[in-house]
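The values are calculated or read from the model by the stated rules, or taken from the named source; none is laboratory data. What you see is a predicted model, and the numbers here were worked out from it, not measured in a lab. Every residue, glycine as well, gets a Cβ built from its backbone with ideal geometry; the counts of neighbours run over all protein chains shown. Ligands, DNA and RNA are stripped out before the accessible areas are found, and what is left, the full protein with its side chains, is counted by its heavy atoms. Shrake-Rupley method; radii C 1.70, N 1.55, O 1.52, S 1.80 Å.
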Amino acid sequence: MNIPFVDLKKQYENLKAEIDQAIFEVMANTAFIGGPFATAFENAFADFCKVKYCVGVGNGTDAIFIALKALGIGKGDEVITVANSFIATSEAITMTGARVVFVDINPETYNINVELIKEKITDKTKAIIPVHLYGQPADMDPILKIAKKNGLKVIEDAAQAHGAVYKERTIGSIGDMACFSFYPGKNLGAYGDAGAVVTDNEELAVRARMLANHGRIDKYNHEIEGVNSRMDGIQGAILNIKLKYLPEWSEKRRKNAYLYNEYLKNYGLVTPVEIDHVQAVYHLYVVRVQNKKRTKLQAHLKAEGIATGIHYPITLPNLIAYQYLNHKETDFPEATKASSEIVSLPMFPELSKEQIKYIAEKISDIQIP
Ligand SMILES: *Cc1c(COP(=O)(O)O)cnc(C)c1O
């Protein structure tokens, strides 16, 4: 049986009539950049996140960059984030001129270890960017407490966690600002690049909107320099249709994750842990394979037609791109260890019970513990 890692084709086939119609409408209205279709999505997504403002931007990386700039962060500042994430998180920090400061992970959740944040704070620290990795909320309450005590801003990197919930609060509504990616493979994906910054703070929303649009206050009146990072009308129209289905898709992802947990429980690998009072949305389903069996397991699954991935094989501070920070692998022991043991199994809403069962059966062929 061939099982892809994600199946965007199946999702399009299910929504084809609606999506095709929406794309033609955008073209008929020549509403290519921003415009009514992007605005309609921004309003709907703000409601979805339970915040007042949503600013559609070009992609998730720009969303983080723009949020940082809106908060006035730049050269001479330090921003704390987590060692295990996609490079976009730390890249956006560096893009502002600020210095990225990494914190090791909690080995159970793979999210930022909140116990280790305090020791990284200096008089230059301006913000913390927790990442809700794999769709599991970071432990926000202790982060908010540390931030408040030290006068720091909190920007949620919610690129993998659309619709996740932390203690009855929707992800995106917890920090000062939050950033989303609508890269096609994300839980809510466009048909190209797109992203958003959300916030309850009007001043920050206005600032983010200006920064994303050349610092404009009107057509040729630029109060500041910004960037060109706006949401396309076609992406807004597609996202607005898909947003209606997102709660149902998240439910299916959760159901699939629990099926995996059940089928895999006797095979010696470590299945994901959900912290108390959260609803994770399983952007990825990540298991841990000890005893150096990961390569063997991936090769076996590949031979059986099952795609897998690693998120991420090299932890951020260990990347060549961050050699200039002079870190040793022993500085981030848990992230470094996890990066050699984690493997992501196929996860998407349309994944069937039979497929999950089949994957589990093939995993059971390998003696892991
Ligand atoms: C995808 C992703 C981003 C960046 O989003 P793009 O839209 O690809 O620029 C940022 N952070 C995390 C954790 C991501 O997974």
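For this structure, a couple of remarks:
- Cβ-derived FRET efficiency at R0 56 Å, Ser340 paired with Ile241, nearest 0.05: 0.90
- Using θ = phi - 60° in the Karplus curve 6.51 cos²θ - 1.76 cosθ + 1.60, the 3J(HN,Hα) couplings for segment 281-286 round to 10, 6, 4, 10, 10, 10 Hz; x is entered for Gly and Pro.
- For segment 85-140: rounded, prolate or oblate by the Cα gyration tensor [a/c cutoff 1.5]: oblate
- Simple spin-label estimate for Glu91 and Glu350 in nanometres, 7 Å along Cα-Cβ: 2.8 nm
- Within the chain, longest stretch free of exposed GluC sites (Glu not before Pro) [DSSP loop, at most 11 other beta carbons within 10 Å]: 1-167
- Among the trypsin sites (Lys or Arg not before Pro) within segment 1-91, those in coil by DSSP and having at most 15 neighbouring Cβ atoms inside 10 Å are Lys50, Lys52, Lys75.
- Here the chain is assigned +1 on the Cβ of each Lys and Arg and -1 on the Cβ of each Asp and Glu. Its dipole about the Cα centre then comes out at about 460 debye.
- Of all beta bridges that DSSP places with both ends in segment 121-236, some 60 percent have antiparallel geometry.
- Whether segment 211-369 is rounded, prolate or oblate, judged on the alpha carbon gyration tensor where a/c under 1.5 counts as rounded: oblate
- Interchain or long-range residues, amide H under 5 Å from Ile306's placed H: Ile3
- For Val154, the residues 5 or more places off, or on other chains, whose built amide H falls under 5 Å of its own are Ile128, Asp176, Met177.
- For segment 267-273, the Karplus equation 6.51 cos²θ - 1.76 cosθ + 1.60, evaluated at θ = phi - 60°, returns couplings of 9, x, 9, 8, 8, x, 10 Hz by residue, with Gly and Pro reported as x.
- Cα centroid separation, segment 6-35 to segment 246-303: 31 Å.
- DSSP finds beta bridges in the chain, and of those with both partners inside it, around 60 percent are antiparallel.
- Largest-first ordering by accessible area, 1.4 Å probe, given options Tyr12, Tyr312, Tyr166: Tyr12, Tyr312, Tyr166
- Cα gyration tensor shape for the chain, rounded if a/c is under 1.5, else prolate or oblate: oblate
- Estimated 222 nm signal from helices in the chain, with DSSP H stretches of n ≥ 4 weighted -39500 (n - 2.57), rounded to 500: -12000 deg cm²/dmol
- With Cα atoms as the point set, segment 12-62 shows a radius of gyration and Dmax of 12.7, 33 Å.
- For segment 119-245, the relative contact order works out to 16 percent when only alpha carbon pairs closer than 8 Å and six or more residues apart are counted.
- Distant alpha-carbon pairs in segment 183-282 (separation over 19 angstrom), percent: 63 percent
- Looking at segment 14-53, the chymotrypsin sites (Phe, Trp or Tyr not before Pro) that sit in a DSSP loop and have at most 14 other Cβ atoms within 10 Å of their own Cβ are Phe32.
- Normalising the average separation of contacting C-alpha pairs (under 8 angstrom, six or more residues apart) by the number of residues puts the relative contact order of segment 95-189 at 21 percent.
- Pairs with C-alpha atoms separated by more than 19 Å, drawn from the list Lys9/Lys242; Lys75/Lys153; Lys252/Lys357; Lys69/Lys167, are Lys69/Lys167.
- Sequence-distant contacts, meaning Cα pairs under 8 Å at least 6 residues apart, place the relative contact order of the chain at 22 percent.
- 5 angstrom amide H check on Asp77, placed H, neighbours 5+ away: Arg99
- Sparsely packed trypsin sites (Lys or Arg not before Pro) within segment 295-354, loop by DSSP, other Cβ within 10 Å at most 11: Lys328
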